[in-house]
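Worksheet: one structure, shown below.
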Amino acid sequence: YSLQINPASYVNPDHLHYFKFIGRFIAMAMYHGKFIYSGFTMPFYKRMLNRKLTMKDIESIDPEFYNSLIWIRDNNLEECGLEMFFSVDFELLGEIKPHELKPGGAEIMVNEENKEEYLELVTEWRMTRGIEEQTKSFLDGFNEVVPLEWLQYFDERELELIICGMQNIDVEDWQKNTIYRHYTKTSKQVQWFWTYVKSMDNETRSRLLQFVCGTCRVPVGGFGELMGSNGPQRFCIEKVGKDSWLPRSHTCFNRLDLPPYKSYEQLVEKLKFAIEETEGFGQE
């Protein structure tokens, strides 16, 4: 599992001191080359790097909310007769907290002309709601030990490896605890996939795990205990698309969409490109 900040942490009046201490602790561990076992969500690493968060970053932490945004993006609100405004509600400990996405947002209706602005603002709000002060305290503490500008040489996946380290990944356990949709264990594309995984070095395997699962960490009990957004969720390979497509991943379901490639070389080329270019289009 991956850690994220609880918006309800304010019930402890000293919570910001704790977050600052945690930031200092993790920075100190990183400075001395020590690793932590349970890392953060990938969007949090992007926040540490001050990278812009996008709508697809929401899927790994709130797939239901993500799907609702995809529906809004892909449908004509006016034709559907849906009335929406630049305001949102957030329930925290039984209390409904209204929030305007822009000044006067409660009176501004969302339409096809301003829909992109709405999606951008609501994405930013969802990724920061109720955790702005905690995140700042964490980063302030981290920055006191390791200047945040030192991290700018890395991307979020590299930062996870620096903080959490690389495990020795047991490919046999991985393969044994993988399920298939529209493929079988004997499908040639599945056999090619595992042949390629076995040929990888440990860093590349960690990158593949990050691509599909959103983290490079394997549970103590092995791949049989992988968790998704809704509980236990084994690694899954699903047959999707055409051989001209790139593989795609669904991190909240630990699922790899693997097109029916016609050769081992084509599978390696497409999968390698997708892993290396995750930020662009390979991940959902």
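The values are calculated or read from the model by the stated rules, or taken from the named source; none is laboratory data. Please read all numbers here as calculations on a predicted model, not as lab measurements. Methodologically, a virtual Cβ is constructed for each residue, glycine included, from the backbone with ideal geometry; neighbour enumeration extends over all protein chains shown. SASA here: full protein model, heavy atoms, side chains in, ligands and nucleic acids out. Shrake-Rupley method; radii C 1.70, N 1.55, O 1.52, S 1.80 Å.
Counting only residues that are in contact with a Pro (Cβ under 7 Å, 6 or more places away or on another chain) and polar (S, T, N, Q), region 224-275 holds 1 of them.
Residue-by-condition table, conditions (1) touching a residue at least 60 places away in the same chain (Cβ under 8 Å); (2) on the phi > 0 side of the Ramachandran plot; (3) of a type outside the set (D, E, K, R); (4) assigned to a loop (DSSP other than H, G, I, E, B):
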{"site": "112", "(1), (2), (3), (4)": "no, no, no, yes"}
{"site": "134", "(1), (2), (3), (4)": "yes, no, yes, no"}
{"site": "138", "(1), (2), (3), (4)": "yes, no, yes, no"}
{"site": "143", "(1), (2), (3), (4)": "yes, no, yes, no"}
{"site": "149", "(1), (2), (3), (4)": "no, no, no, no"}
{"site": "161", "(1), (2), (3), (4)": "no, no, yes, no"}
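Of note, residue 273 does not satisfy the criterion of being in contact with a Gly (Cβ under 6 Å, 6 or more places away or on another chain) and open to solvent by 30 Å² or more (accessible area, probe 1.4 Å).
Residue count for region 85-105 under the criterion of being surrounded by 13 or more Cβ atoms within 10 Å (Cβ to Cβ) and over 27 Å from the mean Cα position of the chain (by Cα): the result is 2. Restricting attention to region 163-196, the residues being in contact (Cβ under 8 Å) with a residue 12 or more places away in the chain and touching a helix residue (DSSP H, G or I) at 6+ places or on another chain (Cβ under 8 Å) number 21. Taking first residues from region 249-272 that are under 18 Å from residue 175 (Cα atoms) and of a type in the set (Lys, Arg) and partners that are at pLDDT 95 or above and open to solvent by less than 10 Å² (accessible area, probe 1.4 Å), the Cβ contacts under 6 Å between residues at least 6 apart in sequence or on separate chains come to 255/236. For region 187-203, state whether one or more residues are crowded, with 20+ Cβ neighbours inside 10 Å, assigned to a helix (DSSP H, G or I), in contact with a Leu (Cβ under 9 Å, 6 or more places away or on another chain) and hydroxyl-bearing (Ser, Thr, Tyr). Looking through region 187-203, none of the residues is crowded, with 20+ Cβ neighbours inside 10 Å, assigned to a helix (DSSP H, G or I), in contact with a Leu (Cβ under 9 Å, 6 or more places away or on another chain) and hydroxyl-bearing (Ser, Thr, Tyr). Of all residues being open to solvent by less than 90 Å² (accessible area, probe 1.4 Å) and closer than 23 Å to residue 147 by Cβ in region 4-26, which is nearest to the chain's Cα centre (by Cα)? Just the residue, please. That would be 5. Against the test of being open to solvent by 20 Å² or more (accessible area, probe 1.4 Å), closer than 13 Å to residue 123 by Cβ and of a type in the set (Gly, Ala, Ser), the options 68, 60 yield a single qualifying residue, 68.
Restricting 241, 222 to residues that are farther than 24 Å from residue 266 by Cβ and open to solvent by less than 50 Å² (accessible area, probe 1.4 Å) narrows the list to 222.
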